[in-house]
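Chemist: Sharing a structure, written as structure tokens. Questions coming.
The values are calculated or read from the model by the stated rules, or taken from the named source; none is laboratory data. Predicted, not measured: the structure shown is a model, and the values here were computed from it. Backbone-built Cβ (ideal geometry, glycine too); neighbour counts: all protein chains shown. Side chains included, ligands, DNA and RNA excluded: accessible areas come from the protein's heavy atoms. Shrake-Rupley method; radii C 1.70, N 1.55, O 1.52, S 1.80 Å.
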Amino acid sequence: MLPDLRGDFPLLARTVRNGKPLTYLDSGATSQRPYAVLDAMESFEREHFGAVARGAHLLAEEATEAFEAARASVARLVNAASPDEVVWTENATAAINLVANGIGNASAGQGGSESARFRLGEGDSIVVTQAEHHANLIPWQQLAARTGATLRWIELDDDGRLRLDQLATVIDGTTKVVAFTHASNVTGVVTDVSAFVARAREVGALTVLDACQSVPHLPVDVQTLGVDFAAFSGHKMLGPTGVGALWGRKELLDVLPPSVFGGGAIQIVTLEKTTWHPAPTRFEAGTQPVTQAVGMGAAAEYLLGLGMADVAAHERRLAQILREGVSGVPGVRLIGPVGDPGADDVLGLASVVVDGVHPHDVGQVLDDQGIEVRVGHHCAQPLHQRFSVAGSTRASAHVYTTEDDAARFVEALASVREFFGVPA
Amino acid sequence: MSSLEQMYQQVIMDHARARHGAGLVDLDLAAVGESHQVNTTCGDEVTLRVGLEGDTVASVHWEGQGCSISQASVSALTELVEGHSIRESDELYEAFRALMGNRGEDLGDDRDDMLGDAGAFVGVGKYPARIKCALIGWMALRDAIAQAQASGAEGEQHD
């Protein structure tokens, strides 16, 4: 189990709403940062900042070294075969768009025969799931519209688990890409990745994993998972905003056409044409968010230092308190697996619907008690439509979340309906 | 009274429940306009229909779903603007906007009285994230009036 880590996170010491202690339960949206990350970024800015991979001076060397060391740390966190398999992006959304747009460009003929394996068009299909965050849905809708391919999806069952029985029919010989989440940001349910990968391999489809909610909370080994690409962001894993990563198998990244063009990503440029570097550089056109990358690397090291198995165990305990707790509150309904609060395939979060009270109003009453949660559709409207609700209220934990935090949420939730005078 | 209680005043809770003008009806008027507004951050929706008689906002009906602030605000504005001229409804809108931007304080002039029940939304101004909840109905009202004016003008041309 993890020790109490609140002391590592300076922001958690502040008070909110007239001096109330902060109960931060919105880590699924964005996490707070430890001193280890803040200090790494500040010391880089104060002492080593320079142009990465450009110039021959000392600062350029030191900055390049820090930038690449950060890449190696992130690679280690997800057990990539090599740091060259980690591409810096602006965030996870940009990472998914990088893959979708690369496939789109290959489909338009870019990259020649080397990139032919990415091509898709009319008669082909792209498969997503009903659980997706909009970031892993809209790029594929757009790619389908661009190429004439059909978009299909795997549905959710009543417990918020993906219908693995549909894999054999929805994914077929026409399927070229299967894009799916590793863990839902609403239900917290962790996907059986091996089932998706096995079926995708049978039909020769590429797999793209949205790992935003898994990398910060679970041991993630991309080689064992067997997917082709995985996207995650810095700010959900205790790092800064403005940076994320795409992991991809090197042989694929090296032939995926880039979709953002500019300096740094190129080998030879003439006025007529350009040839690109191998990955990851071919995707990193223009000056990169260097300080943020250093911060994300420090976050990876911090998590590795804690041990991801212990992180996962800590959050499983919090999941249990949250889910057991809300199950006992009258008029409150959990979205996702119900009746099994100890389920071990669920992250440390709970999304609930309070009968008779809109999520915004729920959030406001909790906020008044210093409890900060997410309200609304959490960028997952199709999932909420599946459960016939417009939105929900989500409490989500991280390494610094305590059992008291989770208990305070449950207790406060019990007071909401009374505040709004909803009959019991 | 805490900030939370100031925002959720009883009059607001009452409007959220009673929902004055809720339910769309067919209007037998020459100038009718309708507007559908969505709050993209929370998915709240309001569809509001206005019927004009000359320069008077003769009829306001709406349907919607959303938080208590958004629903109560449409209810309060419906009660407030019905029977007023378009110019007066513009003035009410400007007064309400000013109230939202006043960080939880009354405006301190005759506009407070003019706003009636809508003045009870004063506490929303302390919560920037909720101001758009209170404004969604007003956005729908102004758009619907513009649509009604356009449809009325079109009708005249056909006469």
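Chemist: Summing +1 for each Lys or Arg and -1 for each Asp or Glu, what net charge is found among the other residues whose Cβ lies under 12 Å from the Cβ of A:Val177? Each step should come with its number before you reach the end.
Modeler: On the way: positive: A:Arg117, A:Arg119, A:Arg152, A:Lys176; negative: A:Asp124, A:Asp228.
Its environment carries a net charge of +2.
Chemist: Would any residue of segment A:235-261 have its amide N under 20 Å from a label point 7 Å out along Cα→Cβ of A:Leu38? List them or say none.
Modeler: It comes to A:235-243, nothing else.
Chemist: In segment A:332-362, which residues become less accessible by 20 Å² or more once every protein chain is in place, relative to the chain on its own, using a 1.4 Å probe?
Modeler: Residues passing the criterion (a loss of at least 20 Å², heavy atoms only) are A:His358, A:His360, A:Asp361.
Chemist: Which residues in segment A:248-275 place their backbone N less than 14 Å from a point set 7 Å from the Cα of A:Ser82 along the Cα-to-Cβ direction?
Modeler: Residues A:248-255 fall inside that zone.
Chemist: Also, I was wondering about something else. For B:Ser85 and B:Glu105, what does the FRET efficiency come to when R0 = 45 Å and r is the distance between their Cβ atoms, rounded to the nearest 0.05? If you can, show how the numbers build up before the last one.
Modeler: Working: r = 28 Å, r/R0 = 0.63.
Calculated value: 0.95.
Chemist: Can you give me the Kirkwood hydrodynamic radius for the protein assembly as shown, using every pair of distinct Cα atoms, in Å to one decimal?
Modeler: Working: mean 1/r = 0.0381 Å⁻¹.
One decimal place: 26.2 Å for the Kirkwood radius.
Chemist: Still on this model: I need the calculated FRET efficiency for the pair A:Glu65 and B:Glu63, taking r as the beta carbon distance and R₀ as 60 Å, to the nearest 0.05. Display every interim value, and only then the final one.
Modeler: Numbers: r = 61 Å, r/R0 = 1.02.
Using R0 = 60 Å, I get an efficiency of 0.45.
Chemist: Simple spin-label model, 7 Å along Cα-to-Cβ: A:Ala72 to A:Asp172 in nm?
Modeler: 4.9 nm
Chemist: Among A:Gln267, A:Gly331, A:Met296, which residue has its Cα positioned farthest towards the positive end of the charge dipole of segment A:254-389, with +1 placed on the Cβ of Lys and Arg, -1 on the Cβ of Asp and Glu, and the dipole taken about the Cα centre?
Modeler: Of the options given, the answer is A:Gln267.
Chemist: Taking a temperature of 25 °C and a viscosity of 0.890 mPa s, what whole-number D in µm²/s does Stokes-Einstein yield for segment A:278-424 with Rh from Kirkwood over alpha carbon pairs? Mind showing how you got there, number by number?
Modeler: Details: Rh = 17.2 Å.
For these conditions, the coefficient is 143 µm²/s.
Chemist: In Å², and per residue, what accessible area does the protein assembly as shown have when probed at 1.4 Å with the other protein chains present? Each step should come with its number before you reach the end.
Modeler: Working: 23480 Å² over 583 residues.
Per residue, the protein assembly as shown has an accessible area of 40 Å².
Chemist: Let me ask something else. Show me the ranking of peptides B:16-26, A:277-287 by mean Cβ neighbours inside 10 Å, starting with the highest.
Modeler: For the peptides B:16-26, A:277-287, the packing ranking is A:277-287, B:16-26.
Chemist: Now for a separate question. What's the Cα-based Rg to Rh of segment A:6-151, Rh via Kirkwood?
Modeler: Values: Rg = 21.1 Å, Rh = 19.3 Å.
Checking Rg against Rh, the ratio lands at 1.09.
Chemist: Straight-line reach only, C-alpha to C-alpha below 17 angstrom: list the aspartates and glutamates that A:Lys20 could link to, leaving out same-chain residues fewer than 8 apart.
Modeler: Filter leaves A:Asp367, A:Asp368, A:Glu372, A:Asp404, A:Asp405, A:Glu411, B:Glu5.
Chemist: Right, something else. For the pair A:Leu304/A:Asp355, report the inter-label distance in nm, with labels modelled 7 Å from Cα in the Cβ direction.
Modeler: Simple spin-label model gives 5.0 nm for this pair.
Chemist: Taking 2.2 N^0.38 Å as the expected size of a compact globular protein, what ratio does the Cα radius of gyration of segment A:210-252 give against it, to two decimals? Walk me through the numbers on the way to the answer.
Modeler: Numbers: Rg = 10.6 Å, N = 43, 2.2 N^0.38 = 9.2 Å.
Dividing the Cα radius of gyration by 2.2 N^0.38 Å gives 1.16.
Chemist: Roughly how big is chain B's charge dipole about its Cα centre, with Cβ charges of +1 (Lys, Arg) and -1 (Asp, Glu), in debye to the nearest 20? Walk me through the numbers on the way to the answer.
Modeler: On the way: 11 positive and 27 negative charges, 172 e Å.
So the magnitude is around 820 debye.
Chemist: Please quote Rg/Rh for chain B to two decimal places, taking the Kirkwood radius as Rh and restricting both calculations to Cα atoms. Spell out each step's value before the answer.
Modeler: Numbers: Rg = 15.4 Å, Rh = 15.7 Å.
Using only Cα positions, Rg/Rh for chain B is 0.99.
Chemist: Taking H placed 1.01 Å from N in the peptide plane, check which residues at least 5 places from A:Ile154 or on another chain put their amide H under 5 Å from its amide H.
Modeler: Distant-sequence amide H within range of A:Ile154: A:Val128, A:Thr129, A:Gln130.
Chemist: Sticking with this one: Using Cα springs under 10 Å in a Gaussian network model of chain A, which residue among A:Ala230, A:Ala63, A:Ala211 shows the largest mean-square fluctuation?
Modeler: A:Ala63
Chemist: Also: Enumerate by residue number the trypsin sites (Lys or Arg not before Pro) in segment A:196-273 meeting two conditions: DSSP loop (anything except H, G, I, E, B), and at most 16 other Cβ atoms within 10 Å of the site's Cβ. Provide the component values of the computation, followed by the final result.
Modeler: Numbers: sites: A:Arg199, A:Arg201, A:Lys236, A:Arg249, A:Lys250, A:Lys273; in loops: A:Lys236, A:Arg249, A:Lys273.
Answer in residue order: A:Lys273.
Chemist: When the chain is fully extended, how far beyond the present Cα-Cα distance does A:Asp158 get from A:Val338, taking 0.36 nm per residue of separation? Could you put the intermediate results ahead of the total?
Modeler: On the way: separation 180, 0.36 × 180 = 64.80 nm, distance 0.92 nm.
Going from the current span to full extension adds 63.9 nm.
Chemist: Check which residues have an amide H placed less than 5 Å from A:Gly244's amide H, if you skip close sequence neighbours.
Modeler: A:Thr89, A:Glu90, A:Asn91, A:Gly234
Chemist: Roll a 1.4 angstrom probe over the protein heavy atoms and tell me the percent of accessible area of the protein assembly as shown that is carbon or sulfur.
Modeler: That share works out to 49 percent.
Chemist: Which residues does the label zone of B:Ser3 cover in segment A:17-42, counting backbone N under 15 Å from a point 7 Å along Cα→Cβ?
Modeler: Only A:17-23 fall inside the zone, counting backbone N under 15 Å.
Chemist: At 7 Å along Cα-to-Cβ for each site, give me the label-to-label distance between A:Glu202 and A:Glu411 in nm.
Modeler: 5.1 nm
Chemist: Okay, next question. Only protein chains counted, 1.4 angstrom probe. Which residues of segment B:118-142 are at least 40 Å² less accessible in the assembly than when their chain is isolated?
Modeler: B:Tyr127, B:Arg130
Chemist: While we're here: Using protein chains only (no ligands, no nucleic acids) and a 1.4 Å probe, work out which residues of segment A:399-424 have their accessible area cut by at least 20 Å² relative to the chain alone.
Modeler: A:Phe419, A:Phe420
Chemist: Take every Cα pair under 8 Å in chain A that's 6+ residues apart, average their separations, divide by the length, and report that relative contact order as a whole percent. List each step's numbers first, then the result.
Modeler: Numbers: 907 pairs, mean separation 92.8, N = 424.
Over chain A, the number comes to 22 percent.
Chemist: Once you list every other residue whose beta carbon is under 13 Å from the beta carbon of B:Ala18, what net charge do they have if Lys and Arg are +1 and Asp and Glu are -1?
Modeler: Working: positive: B:Arg17, B:Arg19; negative: B:Asp14, B:Glu79, B:Asp117.
Once all neighbours under 13 Å are counted, the net charge is -1.
Chemist: Further question: Determine, from the Cβ-Cβ distance of B:Leu29 and A:Val389 and an R0 of 45 Å, the FRET efficiency 1/(1 + (r/R0)^6), rounded to the nearest 0.05. Walk me through the numbers before you get to the answer.
Modeler: On the way: r = 36 Å, r/R0 = 0.81.
So the FRET efficiency works out to roughly 0.80.
Chemist: Principal axis extents for segment A:41-304, Cα atoms only, whole Å, descending order, please.
Modeler: 58, 46, 26
Chemist: Here's a follow-up. Am I reading the A/B interface right? What is its buried accessible area, both sides, 1.4 Å probe, to the nearest 100 Å²? Could you put the intermediate results ahead of the total?
Modeler: Values: alone 17000 and 7840 Å², together 23480 Å².
Heavy-atom accessible area buried at this interface is about 1400 Å².
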